[in-house]
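Since the structure comes first, as structure tokens, the remarks are kept for the end.
The values are calculated or read from the model by the stated rules, or taken from the named source; none is laboratory data. Source: prediction; values computed, not measured. Cβ sites come from the backbone with ideal geometry, for glycine too, and all protein chains shown count toward neighbours. With ligands, DNA and RNA removed, areas are computed over all heavy atoms of the protein, side chains included. Shrake-Rupley method; radii C 1.70, N 1.55, O 1.52, S 1.80 Å.
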Amino acid sequence: LKSSHKSILTPVAGTLQECASEPSYRLAIRTEGMIEHLVKNLNTEHEELQMHCASAIFKCAEDKETRDLVRLHGGLLPLSTLLGNSENKQLLAAVTGAIWKCAISGENVSKFHDYKVVEVLVGLLTDQPEEVLVNIVGALGECCQEPRHRAIIRKCGGIPPLVKLLTGTNQALLVNVTKAVGACATEPENMMIIDRLDGVRLLWSLLKNPNPDVQASAAWAICPCIENAKDAGEMVRSFVGGLELIVNLLKSKNKEVLASVCAAITNIAKDKENLAVITDHGVVPLLSKLANTNDDKLRRHLAEAISHCCMWGSNRVTFGESKAVAPLVRYLKSNDPLVHRATAQALYQLSEDPSNCITMHENGVVKLLLTMVGSTDETLQEAAAGCIANIRRLALATEKAKYG
């Protein structure tokens, strides 16, 4: 790899990039100091060699240490420059792949900003083979985690071609494009364009896709759309069968689908009319059925969904009857502070019903919540205190009724 002869370098880099599909080889490539040489050979005039080096970086940059090494050895600039060579599609696929994976690290995204990579990527969004599009859209999705890039995509006219890609069938492309559209939707100005182009309806229809990765990615993308749409409640109601579809996804066996759908339901339930509709579709027993999970990501979003679904009719009582309360108490033993916060809020809502207070008390909730009253997170503190207050209030009323 240190040789200066193209005839040796090209097959060596080609062999390396083939091997880089295996994690053990990726580790070796990193620890043996090969990244520096792969980066150096991006600057050659030889396109096949550049392609092999970019392809090896694409595969190796799954690991954070490698992403840092590519930046430290000055690899981000030549990758950005190679985007200008858009005629050679194999080279473009390798380069855009490397940029996508490198962009998972925020420090690299800042560099890409300096090199105007987002503007170039948006310009490449049309008339590309699918393997190139998957990488371009993947890179845009990562760059969008930084707010200024969401505005750049809009100003460069990138939202219409992204929304158009939601009608495709390539599963990997759909996963990436839903993520990118969802990230763009966190800006209200972008959301207006997405809505005007019927993007939310397209995202919603992807919930019917048989691939769970696409379902989950679409459900995550729907969350910021509901949060930032002008009249979100009315928009959601306009999708015929949409609410029933999303409630039925709570029967999925995939943890990521379940977590994303719970997050979407949390947003849907903020509108009372829509909460009434999903209640009729049986959201409460379906959420209750999931309560016995040990997955912290699912626990957090499930607790948030339960908390918001308590705000309608007798849903609080139904959660108690569906045996959702005792498992929630156990969530307070998790190590994740976000799970604590969501759970305390759910328990506070559920504690408005006396029989739920009794279940919580029997399951030792008071001791767990007392420690959380001292939390620095005020939302958690308040919810924990509110729940304890409701339990005490019931206890005092019971004693008064007993002993007068």
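Figure legend. Inter-residue proximity from region 272-289: first residues within 14 Å of Ser314 (Cβ to Cβ) and in a helix (DSSP H, G or I), second residues among the hydrophobic types (A, V, I, L, M, F, W, C) and open to solvent by 50 Å² or more (accessible area, probe 1.4 Å), beta-carbon distance below 7 Å, spacing 6+ or different chains. Indicated pairs: Leu275/Met311; Leu275/Trp312; Ala276/Trp312; Thr279/Trp312.
Number of residues in region 42-84 that are open to solvent by 10 Å² or more (accessible area, probe 1.4 Å) and of a type outside the set (Phe, Trp, Tyr) equals 28. So which residues in region 189-200 are more than 18 Å from Leu140 (Cα to Cα) and open to solvent by 10 Å² or more (accessible area, probe 1.4 Å)? Within region 189-200, Met192, Asp195, Arg196, Leu197, Asp198 meet the criteria. Within region 13-40, restricting attention to residues that are among the aliphatic types (A, V, I, L, M), surrounded by 16 or more Cβ atoms within 10 Å (Cβ to Cβ) and not in a loop (DSSP other than H, G, I, E, B), the residue that is farthest from the chain's Cα centre (by Cα) is Ala13.
Just one of the numbered conditions (1) in contact with an Asp or Glu (Cβ under 9 Å, 6 or more places away or on another chain); (2) of a type in the set (Lys, Arg); (3) over 24 Å from Gly123 (Cα atoms) is not true of Lys64: (1). The one condition from (1) more than 26 Å from Asp198 (Cβ to Cβ); (2) open to solvent by less than 30 Å² (accessible area, probe 1.4 Å); (3) within 22 Å of the chain's Cα centre (by Cα) that Gly106 does not meet is (2). In the set Leu162, Leu166, Leu203, Leu174, only one residue is among the aliphatic types (A, V, I, L, M), farther than 26 Å from Asp231 by Cβ and either open to solvent by less than 60 Å² (accessible area, probe 1.4 Å) or assigned to a loop (DSSP other than H, G, I, E, B) (or both); that residue is Leu174. Selection over region 374-396 of residues that are closer than 15 Å to Val339 by Cα and open to solvent by less than 60 Å² (accessible area, probe 1.4 Å) gives a count of 6.
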